[in-house]
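The next block holds one structure in the form of structure tokens; read it before the comments.
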Amino acid sequence: MLQSDPEAPAGYSMSLLGNINFDGALEAIQFVDEQNGFVLGTAGDDDHAVILKTVDGGTNWTSMEVLPAFTPISMLFLDAEIGFIPHYATDEYAHLLKTTDGGDSWDALSFPDLPGRFYDLCRDEAGNLFAILKDNFTTHRLVRSADQGETWEVIRELPEPSTDILRLYNNVLYVVTTDKKILQFDLDGNAVGETKIELTNNNTVELLVLDPDNMIAVSFYAVVKTKDGGAHWEKIYDQEAKLLNFSDPDHGIMIFNRGYCYDNPLVTSVISSTFDGGQSWQDSEDTEELITRSKGAFVLDNTRMFLLVDNLVYQISK
């Protein structure tokens, strides 16, 4: 019989921090420091946003109503006070909910001059915000805000359809397109590089940039890595997987589906660690449907991360 509680693989420890008492769907987790964290949830027939907040490192969680009520796309907090929720709306232009008091109240920001929706907000070291703006399946743009989301400017018309993946490393923006290219831009939207993800036939669902040479890409049924900036790619797993973290090119931790079949999918999952860049993996004990029950992960630093499984919050330490 498969166990329901996840366990850490070799080289890591895992502890249960708290249970979120919430009758809805949990979608993402973020900590801004060791004590203050947020979970994005949806509730009701309209799937409106709810924020769950902790101020004691994940032991206790408080549900916070988000008004006005909209269905969220994602969540980003800059610190314990300032946060954003891009959301869907009935019109065709971009909208953003913003809090400056840790989620106690929210301001509705609308941008009629920006058709589309914000995806995958991120922030640079100077405090500028960036996002992918998508208004249909073909017109996508890179946008930037220099005033904490109050106003936005288009810095780049993307040449081809993108996924929802925007990554920022060392002042370079990485955008993954639907045909598996990785487009690289500086913070003003100028093109500075391009490569293509190889060895996978499915859309990329995650990209981790460790440095300009070392990147890891996850698709629906493959995990590939490059050590030379994308000139060559190596497959390190060939089933469904979720990326948790790589602290460097050699040391990583992921959730793997180990028991997929078409008539009984998502039965057996493991948390697995590698110490040689994915050449070999050390599995935890099998856990029932962990790959579907895990709702999000957040890396605090290279020795600690948080994992949300069902309504339970775990800390994984290296």
* To do: Mind listing just one residue for me: the one in the stretch 166-208 that is of a type in the set (Val, Ile, Thr) and surrounded by fewer than 18 Cβ atoms within 10 Å (Cβ to Cβ) and, of those, farthest from the chain's Cα centre (by Cα)?
  => 192
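For the stretch 78-95, enumerate the residues that are more than 11 Å from residue 148 (Cα to Cα) and crowded, with 16+ Cβ neighbours inside 10 Å. Full working, then the answer.
From the stretch 78-95, those more than 11 Å from residue 148 (Cα to Cα) are 79-81, 85-95; that's our starting set.
Hits for the stretch 78-95 are 80, 85, 86, 87, 94, 95.
For the stretch 29-50, how many residues meet the condition of being within 15 Å of residue 78 (Cα to Cα) and in a strand (DSSP E or B)? Let's see the steps before the verdict.
Quick first cut of the stretch 29-50, residues within 15 Å of residue 78 (Cα to Cα) only: 29-40.
Now drop any that are not in a strand (DSSP E or B), which leaves 29-31, 37-40.
Residues flagged as within 15 Å of residue 78 (Cα to Cα) and in a strand (DSSP E or B) within the stretch 29-50 amount to 7.
Working carefully through the options 57, 11, find the one that is in contact with a His (Cβ under 8 Å, 6 or more places away or on another chain), more than 30 Å from residue 115 (Cβ to Cβ), in a loop (DSSP other than H, G, I, E, B) and modelled with pLDDT of 95 or more.
Numbers: 57 fails: in contact with a His (Cβ under 8 Å, 6 or more places away or on another chain).
Exactly one of 57, 11 is in contact with a His (Cβ under 8 Å, 6 or more places away or on another chain), more than 30 Å from residue 115 (Cβ to Cβ), in a loop (DSSP other than H, G, I, E, B) and modelled with pLDDT of 95 or more, namely 11.
Specify the residue that is farthest from residue 127 (Cα to Cα); the eligible residues are those in the stretch 152-189 that are free of Cβ contacts under 8 Å to residues at least 24 places away in the same chain and among the polar types (S, T, N, Q). Reasoning before the result, please.
We begin by selecting, within the stretch 152-189, every residue free of Cβ contacts under 8 Å to residues at least 24 places away in the same chain; these are 153, 157, 160, 177, 179, 181, 184, 186.
Filter again for among the polar types (S, T, N, Q), leaving 177, 184.
Values: 177: 26, 184: 20 Å.
The extreme case among them is 177.
Could you grab me the full set of residues in the stretch 135-148 that are surrounded by 19 or more Cβ atoms within 10 Å (Cβ to Cβ) and either on the phi > 0 side of the Ramachandran plot or not charged (D, E, K, R) (or both)?
Going residue by residue through the stretch 135-148, those that are surrounded by 19 or more Cβ atoms within 10 Å (Cβ to Cβ) are 140-145.
Result: 140, 142, 143, 145.
For residue 205, are the conditions met, namely being under 30 Å from residue 128 (Cβ atoms), modelled with pLDDT under 95 and of a type in the set (A, V, I, L, M)? So that I can check it myself, show each step before the final result.
Numbers: under 30 Å from residue 128 (Cβ atoms): yes; modelled with pLDDT under 95: yes; of a type in the set (A, V, I, L, M): yes.
Against the criterion (under 30 Å from residue 128 (Cβ atoms), modelled with pLDDT under 95 and of a type in the set (A, V, I, L, M)), residue 205 qualifies.
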* Structure fact -> When every residue in the stretch 149-165 that is over 20 Å from the mean Cα position of the chain (by Cα) and assigned to a loop (DSSP other than H, G, I, E, B) is compared, the one surrounded by the most Cβ atoms within 10 Å (Cβ to Cβ) is 152
* Structure fact -> Residue pairs qualifying under the 7 Å Cβ cut-off, at least six apart or on distinct chains, with the first in the stretch 111-139 being over 15 Å from residue 72 (Cα atoms) and the second being of a type in the set (S, T, N, Q) and surrounded by fewer than 15 Cβ atoms within 10 Å (Cβ to Cβ), are 124/171
* Asked: Would it be correct to say that residue 103 is in contact (Cβ under 8 Å) with a residue 60 or more places away in the chain and small (Gly, Ala, Ser)?
  -> yes
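Only one of these is surrounded by fewer than 14 Cβ atoms within 10 Å (Cβ to Cβ) and more than 20 Å from the chain's Cα centre (by Cα): 63, 4. Name it. Break it down stepwise before answering.
Values: 63 fails: surrounded by fewer than 14 Cβ atoms within 10 Å (Cβ to Cβ).
On inspection, the qualifying residue turns out to be 4.
Out of the residues in the stretch 267-294 that are outside any loop (DSSP other than H, G, I, E, B) and without any contact (Cβ under 8 Å) to a residue 40 or more places away in the chain, state the one that is surrounded by the most Cβ atoms within 10 Å (Cβ to Cβ).
Ranking the qualifying residues of the stretch 267-294, first place goes to 269.
How many of the residues in the stretch 190-212 are within 15 Å of residue 167 (Cβ to Cβ) and part of a loop (DSSP other than H, G, I, E, B)? Lay out the reasoning, then the answer.
Going residue by residue through the stretch 190-212, those that are within 15 Å of residue 167 (Cβ to Cβ) are 192-195, 197, 204-212.
Still in the list and also part of a loop (DSSP other than H, G, I, E, B): 197, 210-212.
Of the residues in the stretch 190-212, 4 are within 15 Å of residue 167 (Cβ to Cβ) and part of a loop (DSSP other than H, G, I, E, B).
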* To do: Considering (1) surrounded by fewer than 16 Cβ atoms within 10 Å (Cβ to Cβ); (2) in contact with a Phe, Trp or Tyr (Cβ under 8 Å, 6 or more places away or on another chain), say which one residue 115 fails and leave the rest.
  => (1)
* Picking from 101, 124, which residue would you name as being out of contact with any Asp or Glu (no Cβ under 9 Å at 6 or more places or on another chain), modelled with pLDDT of 95 or more and not hydroxyl-bearing (Ser, Thr, Tyr)? -> 124
* To do: Please work out if residue 50 is farther than 26 Å from residue 127 by Cβ, β-branched (Val, Ile, Thr) and surrounded by 16 or more Cβ atoms within 10 Å (Cβ to Cβ).
  => yes
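Can you confirm whether the stretch 225-233 contains a residue that is among the hydrophobic types (A, V, I, L, M, F, W, C), within 30 Å of residue 141 (Cα to Cα), surrounded by 13 or more Cβ atoms within 10 Å (Cβ to Cβ) and at pLDDT below 95? So that I can check it myself, show each step before the final result.
Taking the stretch 225-233 first, the residues among the hydrophobic types (A, V, I, L, M, F, W, C) are 231, 233.
Subsequent filtering for residues that are within 30 Å of residue 141 (Cα to Cα) retains 231, 233.
Adding the requirement that they be surrounded by 13 or more Cβ atoms within 10 Å (Cβ to Cβ) leaves 233.
Now drop any that are not at pLDDT below 95, which leaves none.
Checked against the condition, which is being among the hydrophobic types (A, V, I, L, M, F, W, C), within 30 Å of residue 141 (Cα to Cα), surrounded by 13 or more Cβ atoms within 10 Å (Cβ to Cβ) and at pLDDT below 95, the stretch 225-233 yields no hits at all.
The values are calculated or read from the model by the stated rules, or taken from the named source; none is laboratory data. It should be emphasised that the depicted structure is a prediction, and the values quoted were computed from it without experimental measurement. Backbone-built Cβ (ideal geometry, glycine too); neighbour counts: all protein chains shown.
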